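The structure under discussion appears below in the form of structure tokens.
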Amino acid sequence: MPRQKFNLLYGEKAADLELPLSVHSLELKPLNAVADPEEAVLSALLNPIRSPSLLNVAGRRKTACVVISDFTRPVPNKTILPPLLQTLESAGLNPHDITILIATGMHRPNLGAELENLVGREIMDRYPIENHYCRKPETYRKIDEIEGAPVEINTHYLDADLKILTGLIEPHFYAGYSGGRKAILPGISSFETMKFMHSYEMINHKGVTNCLLDGNPFHEYGIRVAELARPDFILNVVINQKREIAGVFAGDYNQAHLAGCRMVAEHAIVPVDQPKDMVITSGGGFPLDATFYQISKALICARDILKPGGTIVVACECREGLGSPEFCEIMRSTCDFKDFSKCYGRPEDFVIDQWCAQNVFQASDHAGKIYIYSSGLSNQDVEKMGAVKIKNLQRTIDDLLPTHLETVVVPEGPYVVGKIARSNNAKKID
């Protein structure tokens, strides 16, 4: 029987598969890289969307804060930061007055070799760099409230004369799309602010999903917080499968971001005719699949196109294991969605990282079985969450295919968003 080859993103390599021609794939639509990435960035800074040029915006400012994503996002910082920083210096800012703030959210700080890999040695040596610490009250302050929750933002950002957000726009299973306002919340917000945005009820909301902005409370609250935090300028990019820059969007924090979202929607959303018996997917490769914490994104994408009781097979390296100590504690102390909801469904029971655990159990509650191919997870941890760890990806799928006639494979994992055609979930981005 003729077969086709697929390479599932797995760590820094790939998990190879051969599948029958009857298995359809969901893949990103081709996106050409810009011919000259640095020139594209400079052009976007000079001709931004709904904003004066960055040179004009930066004029007469004495200090600046440039917010960047942490190591879990494949943002091409070494390409986009030099033109931005050079523009700020051309506007009269001294390097020691330009703080680069890493939007860690609730993740660990990026230090040493990891930091050098993130921004490059030249930037490390020339500019002050700070990590955001969401649980250190001395590093943030309250600027307002939203639905009774404090809006607390990093002081390096708040105290700067010029506030700039950078990032990557791609599908996001909570915010609809990453980038833009997400650099502030959760990027540089306090734990208390993030508790509101990652509550059990918020994550359970049907509008909190991939590639949806209208009616998505996670996005809408994010915009409200961004309005309070008043960013002056953003620089966001869209990348293709080779992680090359395909689009640069600079200017107004909302309008420039929406323009980038429109490109991503055309590139990443794939219509699916009907729910499937089995979805074979990946965790997205390194750095996204460094921990199982991030694999919740792939599981939710798979769940959304899966028949109730269907099967998910996910390939994820997880070289750092499950994730943070808090996430490990949740995953090792609960075993299904009912159990999780009983333990963490009330606001007073909220703990850090419960939201991704919630997604894992949402996916397992919908699916009949989840199979995990991973070199970094133990049998015990996989079994505890009600899944099955497999050693041979090809053999497992070959055994499953005869009883799963409607099967799709998603080699790029959560970077591709399947939408059931009749659901009409993917609304036009205005």
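Values in this text are rule-based calculations from the coordinates and carry no lab data. Note that the structure is predicted; figures quoted are calculated from it, not measured. For neighbour counting, all protein chains shown are included, and Cβ atoms are generated from backbone atoms with ideal geometry for every residue, glycine included.
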Listed residue (P48, T63, P76) projecting farthest to the positive dipole end of region 32-84, Cβ model = T63
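Can you show me the helix-derived [θ] at 222 nm for the chain, built from DSSP H runs with n ≥ 4 at -39,500 (n - 2.57) apiece and divided by the number of residues, rounded to the nearest 500.
-9000 deg cm²/dmol, from helical runs alone.
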ask   = So which of K78/K163; K13/K419; K307/K419; K182/K389; K136/K195 end up more than 22 Å apart, counting from Cα to Cα?
value = K13/K419; K182/K389
task = Provide the per-residue ³J(HN,Hα) series for region 314-321, in order, calculated from phi with Karplus coefficients 6.51, -1.76, 1.60 and θ = phi - 60°, each as a whole number of Hz, with x at glycine and proline positions.
result = 10, 9, 8, 5, 6, 4, 9, x
remark   = Partner aspartates and glutamates whose C-alpha sits under 14 Å from that of K276, ignoring same-chain residues fewer than 8 away, are D304, E406
task = Net charge near S190: determine it from the other residues with C-beta under 10 Å of the C-beta of S190, scoring Lys and Arg +1 and Asp and Glu -1.
result = +3
remark   = Honestly the chain on the Cα gyration tensor test (a ≥ b ≥ c root eigenvalues; a/c under 1.5 rounded, otherwise a/b vs b/c for prolate or oblate) is just prolate
key: Mean Cβ neighbour count within 10 Å, used as a protection proxy, ranking 164-172, 194-202, 330-338 highest first   = 164-172, 194-202, 330-338
inquiry  = Give the separation of the Cα centroids, region 1-63 to region 110-133, in Å.
reply    = 23 Å
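Could you give the length gained on full extension between K13 and D214, defined as 0.36 nm per residue of separation minus the Cα-Cα distance, in nm?
Value of the extension gain: 68.7 nm.
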ask   = Rounded, prolate or oblate: which one fits region 146-271, using the alpha carbon gyration tensor with axes a ≥ b ≥ c (rounded when a/c is under 1.5, else prolate when a/b beats b/c, else oblate)?
value = oblate
key: Among V67, V388, V248, residue whose mean-square fluctuation peaks in a GNM of the chain (springs only between Cα atoms under 10 Å)   = V388
ask   = Which peptide among 314-326, 146-158 comes first, and what is the full order, when sorted by highest mean count of other Cβ atoms within 10 Å?
value = 314-326, 146-158
note = Phi angles of region 258-266, converted by Karplus (6.51 cos²θ - 1.76 cosθ + 1.60, θ = phi - 60°) into ³J(HN,Hα) in whole Hz with x for Gly and Pro, give 4, 4, x, 4, 5, 5, 5, 4, 5
remark   = A correct Karplus calculation of ³J(HN,Hα) over region 52-60, with 6.51 cos²θ - 1.76 cosθ + 1.60, θ = phi - 60°, whole Hz and x for Gly and Pro, returns x, 4, 4, 4, 6, 4, 7, x, 6
request  = Within region 46-118, list the trypsin sites (Lys or Arg not before Pro) lying in a DSSP loop whose Cβ has at most 15 other Cβ atoms in a 10 Å radius.
outcome  = R50, R60, K62
key: Fraction of beta bridges assigned by DSSP in region 37-266 that are antiparallel (%, nearest 5)   = 45 percent
task = List every residue whose amide H lies under 5 Å from the amide H of I102, counting only residues 5 or more places away in sequence or on a different chain, with H placed 1.01 Å from N in the peptide plane.
result = I68, E130, N131, H132
key: Fluctuation leader among Q354, Q394, Q362 - the chain, Gaussian network, Cα springs under 10 angstrom   = Q394
query = Taking H as built 1.01 Å from N, whose amide H comes closer than 5 Å to the amide H of N216, not counting residues under 5 places away?
reply = none
